[in-house]
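Read through the structure below, which is laid out as structure tokens, and then see the notes.
The values are calculated or read from the model by the stated rules, or taken from the named source; none is laboratory data. These numbers were taken from a predicted model, which means no experiment stands behind them. Virtual Cβ from ideal backbone geometry, glycine too; neighbours counted across all protein chains shown.
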Amino acid sequence: MLKKLAIFASGSGSNAQKIHQHFSDSLDVTISHIIVNNPNAGIIKKAKNWNCKVILISRENFYNEANISANLKSAGVDLVVLAGFLWLIPQHLLKAFPEKIINIHPALLPNYGGKGMYGMNVHRAVFEAKEKESGITIHTIDEEYDKGEILFQKAINIEGCTSPEEIASAVLSLEHQNFASVLYKYLKR
């Protein structure tokens, strides 16, 4: 049976691109929707060629209306994927997709998680703390930032990294290598 993904993104969409590449020839998983909260996000241009629906949302309608939840449910979406999406998920979406919203975080949770800990903020904090390793955490979403069930973690040695940007590059590589396959395993369980 075909499983449908809705990917929420805010930026360039490199993780969404890797997920798309992973499933582009799949007979059992497809990306049906890309939900974007930034009209200038690079993912919009990429997704126009993917044969999926691209929806631009505002903060107001995302938090105050259940339309997006209802639309995704009626379209038969099986899993919501947060790929660089920075807004806290509203109750209506959590209720519509219980344990069916997955996020990737650029650190080894519970360290370097929570409100404000995203992107370069995470990598700067890891660098300033002189950590010997960083990595990724793929987890379900609940009412709090970065507190859901951990599905997968992978660490990488960053002792040779001389800047937060080098850490970011190493961690992004891990994200690209692992996110899609973890999503697939979660869909199949």
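For the reader, a short list of remarks on this structure follows.
- Screening ASN121 with (1) in a helix (DSSP H, G or I); (2) among the polar types (S, T, N, Q); (3) crowded, with 20+ Cβ neighbours inside 10 Å gives one miss only, at (3).
- Which listed residue, of VAL171, VAL126, is touching a residue at least 40 places away in the same chain (Cβ under 8 Å), aliphatic (A, V, I, L, M), buried (at least 20 other Cβ atoms within 10 Å of the Cβ) and more than 22 Å from VAL81 (Cβ to Cβ): VAL126
- Only a single item in (1) part of a helix (DSSP H, G or I); (2) in contact with a strand residue (DSSP E or B) (Cβ under 6 Å, 6 or more places away or on another chain); (3) polar (S, T, N, Q) is not met by GLN21, and it is number (2).
- Qualifying residues in region 1-14 (those that are crowded, with 23+ Cβ neighbours inside 10 Å and in contact with a Phe, Trp or Tyr (Cβ under 7 Å, 6 or more places away or on another chain)) - the one farthest from GLY76 (Cα to Cα): ALA9
- Flag for LYS147 being of a type in the set (Lys, Arg) and either outside any loop (DSSP other than H, G, I, E, B) or modelled with pLDDT of 95 or more (or both): no
- Candidates in region 45-58 are the residues that are under 18 Å from PHE23 (Cα atoms) and touching a strand residue (DSSP E or B) at 6+ places or on another chain (Cβ under 7 Å); of these, the one that is modelled with the lowest pLDDT is LYS48.
- Considering GLU159, GLU131, the condition of being out of contact with any Pro (no Cβ under 7 Å at 6 or more places or on another chain), over 20 Å from LEU183 (Cβ atoms) and exposed (fewer than 13 other Cβ atoms within 10 Å of the Cβ) is satisfied by GLU159 alone.
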